[in-house]
Amino acid sequence: MQLREYQPSDCEQLAELFYQTVHSVNVKDYTKEQVDVWATGKVDVGEWNSSFLKHKTIVAVENGKIVGFGDMDSTGYLDRLYVHKDYQRKGVASAICDALESSSKGKTFITHASITATPFFQQRGYRVVKEQKVIRQGIALTNYVMEK
């Protein structure tokens, strides 16, 4: 696996990976109704691209295929972290987080972790600050504000 910086030509693939991951991995902790409003399949690619370019964005590639990505803003907020369903528990998320965290040394890291991702972040030394409900299209999704 190789890690590299984000390129605008990656954006559509990242949007598809996001959709597929939520609908195949996160569905173990969320209902179909919840994952449908979380990942609708209609990402604003221009908005995502702009966000990825403003953040430190790392893409994981194996055999020419994007298998994961993550992005962190200049304050240490880890915005997105998603790994392809076939590459779960293979060190992809850890490698991406290591790269993002090392690029922002000395900061307090914060993320809003899904139920699914909370154990991963706890193993990395993050602690739950609070549980929260995010409302999307009238549907509540639980996540956790975590910091390290």
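Any read-out appearing in this document is the output of simple, stated calculations on the displayed coordinates, not a laboratory observation. The model shown is predicted, which means the values in this text are computed figures rather than measured ones. Neighbour counts run over all protein chains shown; Cβ positions are idealised from the backbone, glycine included.
Key figures for this structure:
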| read-out | value |
| --- | --- |
| Neighbourhood net charge (9 Å Cβ-Cβ; Lys/Arg +1, Asp/Glu -1) for LEU100 | -2 |
| Inter-probe distance in nm under a simple model that places probes 7 Å from Cα toward Cβ, at GLN137 and GLN20 | 2.2 nm |
| Overall form of region 1-86 per C-alpha gyration tensor (a/c, 1.5; a/b vs b/c) | prolate |
| Order of LEU53, LEU17 under a 10 Å beta carbon neighbour criterion, fewest first | LEU53, LEU17 |
| Above-threshold pairs, the threshold being 24 Å between Cα atoms, out of LYS105/LYS133; LYS56/LYS107; LYS54/LYS105; LYS32/LYS54 | LYS105/LYS133; LYS32/LYS54 |
| Net charge of neighbours whose Cβ lies under 15 Å from the Cβ of VAL59, counting Lys and Arg as +1 and Asp and Glu as -1 | -4 |
| HN-Hα J in Hz across region 66-78 - Karplus 6.51, -1.76, 1.60, θ = phi - 60°, x for Gly and Pro | 6, 10, x, 7, x, 9, 9, 7, 5, 8, x, 7, 7 |
| Potential lengthening between THR31 and VAL129 on full extension [0.36 nm per residue; Cα-Cα distance subtracted] | 32.9 nm |
| Sequence-distant residues sharing a close amide H with PHE109 (under 5 Å, placed H) | LYS148 |
| More than 24 angstrom apart: percent of Cα pairs within the chain | 28 percent |
| Value at 222 nm in deg cm²/dmol, rounded to 500, when DSSP H runs of n ≥ 4 in the chain each add -39,500 (n - 2.57) | -9500 deg cm²/dmol |
